[in-house]
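This report refers to the structure that appears directly beneath it.
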Amino acid sequence: MNRSQAHRAIDAIWRLESAKLIAALTRMVRDVSLAEDLAQDALVIALEKWQENGIPDNPGAWLMTTAKRRAIDLLRRNKVRDQKYAEVARSDHVYTEKEIESAVDGEIEDDLLRLIFMTCHPVLSQEARVALTLRLLCGLTTDEIARSFVSAESTIAQRIVRAKKTLSAKKIPFEVPAGVELQERMSSVLEVIYLMFNEGYSPTSGKHWIRPLLCQEALRLGRMLAEIAPSEPEVHGLVALMEIQSSRLKARMNAKHEPVLLMNQNRAQWDQLLIRRGLAALERSRKLGRTLGPYALQAAIAACHAQAPTAEETEWPRIAALYEALSRISPSPIVELNRAVAVSMAFGPALGLIIVDALVSQPSLQSYHLLPSVRGDLLVKLKRYEEACEEFERAASLTRNEQERALLKHRATECKAYIVKGGDDRALYFDGQRD
């Protein structure tokens, strides 16, 4: 295996395994920053060894074993180990080297949820909590997180470094809290799981249109959280949203691994079990008797799609109304952009374009590729093909996802072909959203 192949392989494996690795190491060393360093050491060793010897049959276990050995070596040679031992001796439990050896063989699933709660501690700002957890759980680079926040990369990097130092200095426990502490962190934890799912559903960058395993992991964590906090309507709302969205994963790509957008998907491929589970979770959220929150409202929107037998039978006026409600309780330019799509589908592209044009000057959307993508779609429907072509080309230049860039470039090429040759424009139909 040459160096380039090794790099590609380890990048793919790292995205799958890094969160579990860091969570297990955090349980061992009780320091998230040190855990990440140890995981990175294992990554470097893997890059060297795998290039020479090939990828092992179980790369995740190989990385875990290597990182575990690094952690033990560190504890053995640590210059301040006597201070650490004294500190541990004053605690309720004394950890032996044998216990540290076997620590990574415990329940990794619980470790991931503990890691989320640890990094969502109120000692950190909301922005720091989300950025740090995206870094650790989703394996996003600082550049990718910066694009999600629409912030400078240097700002995000500093935020993450400060957050890890704060967690270490404050000795934040590696646990799932209870009572008031659980309530204090719930909003941040929900946001992190939501963003984790979105990164799997619509990856920020790379070659993949979807990352199903990341979606599955976020859904698993959401289900676990619903058991811990069964009286929280937004927990059930988020689970409902993820269940219903996950039901479409198989239909979002064709046999050639090319993207298939919502309006063109074969609905027979949608997972009906996940849809039923999602609708049941949404009903549990409603029965708790409070006004639907942001996640439950998004789940209600997803339910409209799930319950429509065909794309043509979608209740777009209801979806537009739900987006209107969402914009009132959780206003943001991105919510407004989605509302514009729903309005265009319900009442015509001209009305949708009015909403989109009002968003063009929003600073937070200047590098957001879906703004020109949606605008291009609406212009196509209004037969303004030259303008639409420019918008699709701009959108393609902004996205970091290779599959999406190819799709948008294809859209621009279709517009050019229609401008030159004329003809039936039905092939230009695009729903304005990834899904």
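The values are calculated or read from the model by the stated rules, or taken from the named source; none is laboratory data. Since this is a predicted model, take the numbers as computed values, not measurements. As a convention, Cβ positions derive from the backbone with ideal geometry for all residues, glycine included, and neighbour counts pool all protein chains shown.
Just so you know, in segment 39-61 the residues that are touching a residue at least 12 places away in the same chain (Cβ under 8 Å) and under 24 Å from the mean Cα position of the chain (by Cα) include one that is nearest to residue 74 (Cα to Cα), and it is 39. With the condition kept exactly as written, say whether any residue in segment 183-201 is touching a Gly at 6+ places or on another chain (Cβ under 7 Å), without any contact (Cβ under 8 Å) to a residue 40 or more places away in the chain and surrounded by fewer than 19 Cβ atoms within 10 Å (Cβ to Cβ). No, segment 183-201 contains no residue that is touching a Gly at 6+ places or on another chain (Cβ under 7 Å), without any contact (Cβ under 8 Å) to a residue 40 or more places away in the chain and surrounded by fewer than 19 Cβ atoms within 10 Å (Cβ to Cβ).
The selection criterion, being surrounded by 20 or more Cβ atoms within 10 Å (Cβ to Cβ) and either assigned to a helix (DSSP H, G or I) or β-branched (Val, Ile, Thr) (or both), does not hold for residue 284. Of the residues making up segment 258-279, those that are farther than 20 Å from residue 318 by Cα and hydrophobic (A, V, I, L, M, F, W, C) are 260, 261, 268, 270, 273, 274. Scan segment 44-62 for residues that are touching a helix residue (DSSP H, G or I) at 6+ places or on another chain (Cβ under 7 Å), of a type outside the set (Phe, Trp, Tyr) and not in a loop (DSSP other than H, G, I, E, B) and the total you get is 6.
Yes/no per residue for (1) more than 17 Å from the chain's Cα centre (by Cα); (2) assigned to a helix (DSSP H, G or I):
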{"residue": "145", "(1), (2)": "no, yes"}
{"residue": "158", "(1), (2)": "yes, yes"}
{"residue": "165", "(1), (2)": "yes, yes"}
{"residue": "172", "(1), (2)": "yes, no"}
{"residue": "188", "(1), (2)": "no, yes"}
{"residue": "194", "(1), (2)": "no, yes"}
{"residue": "198", "(1), (2)": "no, yes"}
{"residue": "208", "(1), (2)": "no, no"}
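Filtered by the rule that a residue be touching a strand residue (DSSP E or B) at 6+ places or on another chain (Cβ under 8 Å) and either surrounded by 19 or more Cβ atoms within 10 Å (Cβ to Cβ) or part of a loop (DSSP other than H, G, I, E, B) (or both), segment 241-258 gives a lone residue, 252. In segment 226-260, the residue that is modelled with the lowest pLDDT out of those that are under 19 Å from the mean Cα position of the chain (by Cα) and farther than 20 Å from residue 273 by Cα is 259. Going by what's in this entry, would residue 140 be described as in a helix (DSSP H, G or I) and aliphatic (A, V, I, L, M)? No: the conditions fail for residue 140.
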